Each structure stands twice: as structure tokens, then as C-alpha cells.
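The values are calculated or read from the model by the stated rules, or taken from the named source; none is laboratory data. Every value quoted in this text rests on a predicted model; they were computed, and no experiment measured them. Backbone-built Cβ (ideal geometry, glycine too); neighbour counts: all protein chains shown.
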Amino acid sequence: MGLTPTRALVADAFAAGNGIGSFNVLHLETAEAIVEGAEAAGLPVILQISENCASYHGALEPLAAACLSVASAAAVPVALHLDHAQDEDLVHQAVRLGFGSVMYDGAHLPYSENVAATARVVKHAEPLGVFVEAELGKIGGKDGAHAPGVRTDPFEAADFVMSTGVDALAVAVGSSHAMAQRTAALDLDLIAELHSALPIPLVLHGSSGVADAMLAAAITAGMTKINVSTHLNGFFTRAVRQSLGTDPDLVDSRKYFSAGRRALAPEASRLLSLFALSANAEKAVTHGKD
């Protein structure tokens, strides 16, 4: 219970064929809401802070310290992850601060440079027990979308994993970051092919744009770590907007942030339950047809 290495949480989900939620933290209130949701579901969760979020706050350490404190006090296992870091120095800082995992995002680099940089990160982090995620096949959204047909190649992915020693791989299979509508169509056959080709867990970025049924199918096909940000942010923001609209004189940010926190927690709980039960539900349906 409490602060738990990411490696342990992802390994358990991978072995069981389930998904585990990795939800982005924007500020303390989102971290608190995510953990509240995890506790309500009785399930583990990964809190993740992106490089963009660290830049917004001016530094990684203050929000990281808050998340580590929230995780340590949780009644369920909670891990802390650095998301989408392109700065190797920031990765090293996260390792020093006690993050259980880091994502080095070298997808913007030529393939050989991505391999070299990711291998350096693994060499630095692995002796300290830090789980390393990387990305192959650029995932669209913020900072410029890729062409709609771009996908991660299974043969290239297998070479990348062997060459870098990375622990998990984020792959491009049809999702896109920052989608406000849940309309993305995932390539389930490609997910299954990648799952068969690689000995490590797959990570789905851009999950906010993917509907529940498609997320469940992706987990059954072989996805393990499911990243969500925009979808949960929407619950928080809509509640804040409603609170301010109801009381135009409201100036105490604790009151409208509390509304956001109360709105986000149940959806975090629901998603975690969906991810954890998806594979088991599919197995039950399949067994019932035999």
C-alpha cells in the first residue's frame, strides 16, 4: 500500500492480462482526486507528471514532492511516473527525486538517435530500479500531429527493444493526444501483433480519445499501461466552470477546485475498474461460448 514501484504495478497487470491506469497530474488537486478514485475502486494507480507540466510549474520538484506525499499516504498502491520527457537531464532529476518510472520520448529523433538516447536513459535508470518507458512511432496531438496512417512497425519495435533494453513501449496504433471526443479507432490487429512480437508491456497514449469498448478491446489485444489526461481534465474543468457559473461572486479557489476534485475522482475510479476487469470480462465471455 502507499508508494509502490511502477515496475511492480505494471508487472502485475502484464502477468494478469489486465490494464493499469496511468493518469496525468496537473496540480495537487488532480493528484488527490486520482488517488481518491483509486481508493474507492480498491485498485492501484500510476500518477504521472509530464515535462510540459513541470515547465508550467517552473520546476519538477515541488509537484513531485506533493505527489510522493499523496502516494505515500494512500490506502492503495500508487506509483509516480515522469511522462513524455525529451530532456535527459529532467529524466535524471526524476530518478533522483524518487520516481518509480520515467518515459524518455525520443520519437521526434531519427531512429538511430532515439535508440542511442533511450539506451543511455536505461543504462542510468536500471541500476537504480527505475522502470523505463520509451516511444516508437510518433503519436499525434500536441506539438504537431503525424500523418493519420503512421503506425509502429512490429519488426522495428522488436529491434528497438532489444537494442535499448527498455521496460515498456508506447506505440502508435491509432490514438492521438488531447482528443476531446472519444472517436479514435485503434488497430487491434496491430496491437495483438506488437504484443506477440515484444516481451515487454505495451503503453497506450492518447487514451482520452478512445471509447470504453475500444479500450477494453485494446487491453484484451495486449495493451497494459493506459495513459489518460484530457478526458479526466474535462470532468475537473466542467465542474469548476459550473461552480463559478452558479456563484459569480465566488473568489475562494478552494471551493471551485473542490468541485473539480469531486467530479474527477469517480471517473478515475470507473476507468481503473474498466481497465482492471476488461481482460477478465473478455475471458468470461469467451469461456461462456465454449
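Hey, can you tell me all the residues within the stretch 217-229 that are among the β-branched types (Val, Ile, Thr) and outside any strand (DSSP E or B)?
Ile219, Thr220
Give me the pairs, please: first residue somewhere in the stretch 185-209 and among the polar types (S, T, N, Q), second residue anywhere and assigned to a strand (DSSP E or B), beta-carbon distance under 7 Å, and either six or more positions apart or on two chains.
If the second residue must be assigned to a strand (DSSP E or B), the pairs left are Ser207/Ile226; Ser207/Asn227; Ser207/Val228; Ser208/Val228.
Just for the stretch 248-290: of the residues that are modelled with pLDDT under 95 and acidic (Asp, Glu), which one is nearest to Val78 (Cα to Cα)?
Taking the candidates together, the pick is Glu282.
When only residues in the stretch 84-141 that are among the acidic types (Asp, Glu) and touching a residue at least 12 places away in the same chain (Cβ under 8 Å) count, which is farthest from Glu61 (Cα to Cα)? Before the answer, list the steps.
Filtering the stretch 84-141 down to residues among the acidic types (Asp, Glu) leaves 87-89, 105, 113, 126, 133, 135.
Remaining after also requiring touching a residue at least 12 places away in the same chain (Cβ under 8 Å): 87-88, 105, 126, 133, 135.
Numbers: Asp87: 15, Glu88: 16, Asp105: 20, Glu126: 21, Glu133: 20, Glu135: 24 Å.
If we take residues in the stretch 84-141 being among the acidic types (Asp, Glu) and touching a residue at least 12 places away in the same chain (Cβ under 8 Å), then Glu135 is farthest from Glu61 (Cα to Cα).
Within the stretch 75-114, can you find the residues that are crowded, with 19+ Cβ neighbours inside 10 Å and not aliphatic (A, V, I, L, M)?
Pro77, His81, Asp83, His84, Gln93, Phe99, Gly100, Ser101, Tyr104, Asp105, Gly106, Asn114
When you check Thr183 against the structure, is it out of contact with any Cys (no Cβ under 7 Å at 6 or more places or on another chain) and at pLDDT 95 or above, yes or no?
no
Are any residues in the stretch 68-89 within 9 Å of Gly2 (Cα to Cα), touching a Gly at 6+ places or on another chain (Cβ under 9 Å) and in a helix (DSSP H, G or I), and if so, which ones?
Of everything in the stretch 68-89, those that are within 9 Å of Gly2 (Cα to Cα), touching a Gly at 6+ places or on another chain (Cβ under 9 Å) and in a helix (DSSP H, G or I) turn out to be Ala71, Ser72.
For the stretch 48-67, does any single residue satisfy the condition of being in contact with a strand residue (DSSP E or B) (Cβ under 6 Å, 6 or more places away or on another chain) and in a loop (DSSP other than H, G, I, E, B)?
No, the stretch 48-67 has no match at all.
Looking at (1) under 22 Å from Leu136 (Cβ atoms); (2) modelled with pLDDT of 95 or more; (3) not in a loop (DSSP other than H, G, I, E, B), can you tell me which one Met214 breaks?
(2)
Restricting the first residue to the stretch 1-21 and requiring it to be among the basic types (Lys, Arg), which pairs with a second residue that is surrounded by fewer than 16 Cβ atoms within 10 Å (Cβ to Cβ) meet a Cβ separation below 8 Å and a spacing of at least six or different chains?
Between residues of the stretch 1-21 that are among the basic types (Lys, Arg) and residues that are surrounded by fewer than 16 Cβ atoms within 10 Å (Cβ to Cβ), the close pairs are Arg7/Gly129.
Is it the case, given these coordinates, that Ala157 is modelled with pLDDT of 90 or more and either closer than 11 Å to Leu202 by Cα or not in a strand (DSSP E or B) (or both)?
yes
State whether one or more residues within the stretch 8-30 are of a type in the set (Phe, Trp, Tyr), crowded, with 16+ Cβ neighbours inside 10 Å and at pLDDT 95 or above.
yes
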